[in-house]
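Worksheet: one structure, shown below.
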Amino acid sequence: MPKKDIAAVLSGDLVKSSLLTTDRQAIMSGLTRAVESARPYLKEQGCRLYFSDFYRGDAFQCALTDPTYSLWASVFIRTELIKLRADGIRADARLGLGLGFISEWNLRNISSSDGEAFRLSGKALDSLKSGKEKYRRLRILSPWPEQGALLSVLAAFLDAVMQRWTPEQAEAISLFLRDKNQEETSKILNVRQPAVQRRLQTAGHFAVKEALELFSQSISGRNINPQLNNAGL
């Protein structure tokens with residue numbers, strides 16, 4: 001990857017993983033499925049998503065070639081975990097999103113890659129583990145000081161919204177994020193359209209959509225090279 005091009009890195013770990021017993025594997029499997037479910041949609045948008053698998057027990061990383069979709073990926077992954085709560089599994093993850101250059105890219109082992117985006121992602125995740133940030137599940141760091149306040153507010157807003165979602169709302173949001181309309185969602189979930197509408201409205205779907213669009217607009221054009229997706233990365 002040329003140094004002039006930026007990407008996005010998500011560093012994450014499972015919340016309260018030390019207390020997990022039988023649910024641990026179910027959550028890890030659910031997160032892996034979330035990544036696999038995100039890939040087709042992102043590919044249609046011209047973005048590649050790479051996943052490190054788990055290391056050090058419950059830690060993981062994702063790298064995205066187009067950073068404008070990185071917040072979408074953060075929301076989608078947590079949405080898929082919230083859906084698991086319908087089966088009594090208390091699933092959630094902390095996510096640190098870092099934006100910036102990639103100086104060393106290892107596709108065979110994403111977690112051994114290096115660069116600005118990886119370092120900022122790790123720093124963002126570490127900040128969620130203690131102090132006043134320990135109850136939050138999402139933080140964004142970038143190399144652009146002028147964007148700091150905006151990214152912080154977007155992360156705080158989306159985090160507050162997601163922490164209130166029910167599994168049923170998360171089901172509807174998951175499909176909404178992949179551009180399914182209410183009629184399609186109704187058929188997939190086997191519920192009536194008014195029920196879909198209520199779930200989306202109470203989940204604040206339009207506010208989520210606007211937040212994601214604002215994020216994408218705020219970083220678009222910052223040395224993002226669409227050819228990265230065809231560069232064998």
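Looking for whichever is part of a helix (DSSP H, G or I), closer than 16 Å to residue 219 by Cβ and in contact (Cβ under 8 Å) with a residue 24 or more places away in the chain here; the options are 121, 111. Which one fits? Give the derivation first.
Working: 111 fails: closer than 16 Å to residue 219 by Cβ.
It is 121.
Check 64, 49 and return the single one that is buried (at least 19 other Cβ atoms within 10 Å of the Cβ) and farther than 21 Å from residue 126 by Cα.
Working: 64 fails: farther than 21 Å from residue 126 by Cα.
The match here is 49.
Please verify whether residue 198 is more than 19 Å from the chain's Cα centre (by Cα), surrounded by fewer than 18 Cβ atoms within 10 Å (Cβ to Cβ), at pLDDT 95 or above and of a type in the set (D, E, K, R), treating the condition exactly as stated. First the steps, then the outcome.
On the way: more than 19 Å from the chain's Cα centre (by Cα): yes; surrounded by fewer than 18 Cβ atoms within 10 Å (Cβ to Cβ): yes; at pLDDT 95 or above: yes; of a type in the set (D, E, K, R): yes.
Here the answer is yes, as residue 198 does meet what is asked.
Please go through the range 23-52 and give me each residue that is at pLDDT 95 or above, aromatic (Phe, Trp, Tyr) and closer than 22 Å to residue 112 by Cβ, ordered by number.
none
For the range 89-106, which residues satisfy the criterion of being in a loop (DSSP other than H, G, I, E, B), under 16 Å from residue 52 (Cα atoms) and either modelled with pLDDT of 95 or more or within 19 Å of the chain's Cα centre (by Cα) (or both)?
Taking the range 89-106 and keeping what is in a loop (DSSP other than H, G, I, E, B), we get 89-92, 102-103, 105-106.
If we keep only those that are under 16 Å from residue 52 (Cα atoms) too, we end up with 102, 105-106.
102, the sole residue that qualifies.
When residues of the range 201-229 are filtered for being in a loop (DSSP other than H, G, I, E, B), surrounded by 12 or more Cβ atoms within 10 Å (Cβ to Cβ) and either out of contact with any Asp or Glu (no Cβ under 8 Å at 6 or more places or on another chain) or at pLDDT 95 or above (or both), how many remain?
2
Quick one: how many residues across the range 174-211 are within 15 Å of residue 78 (Cβ to Cβ), touching a Lys or Arg at 6+ places or on another chain (Cβ under 8 Å) and of a type in the set (Val, Ile, Thr)?
0
Looking at (1) surrounded by fewer than 17 Cβ atoms within 10 Å (Cβ to Cβ); (2) modelled with pLDDT under 95, can you tell me which one residue 127 breaks?
(1)
To keep it simple, each residue is scored yes or no on (1) of a type in the set (Gly, Ala, Ser); (2) within 30 Å of residue 171 (Cβ to Cβ).
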site: 58; (1), (2): no, yes
site: 61; (1), (2): no, yes
site: 80; (1), (2): no, yes
site: 83; (1), (2): no, yes
site: 94; (1), (2): no, yes
site: 101; (1), (2): no, no
site: 115; (1), (2): yes, no
site: 118; (1), (2): no, no
site: 122; (1), (2): yes, no
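The values are calculated or read from the model by the stated rules, or taken from the named source; none is laboratory data. Keep in mind the model is a prediction, meaning the values are calculated, not measured. Quick reminder, even Gly has a Cβ in these numbers, built from the backbone with ideal geometry, and neighbours come from all protein chains shown.
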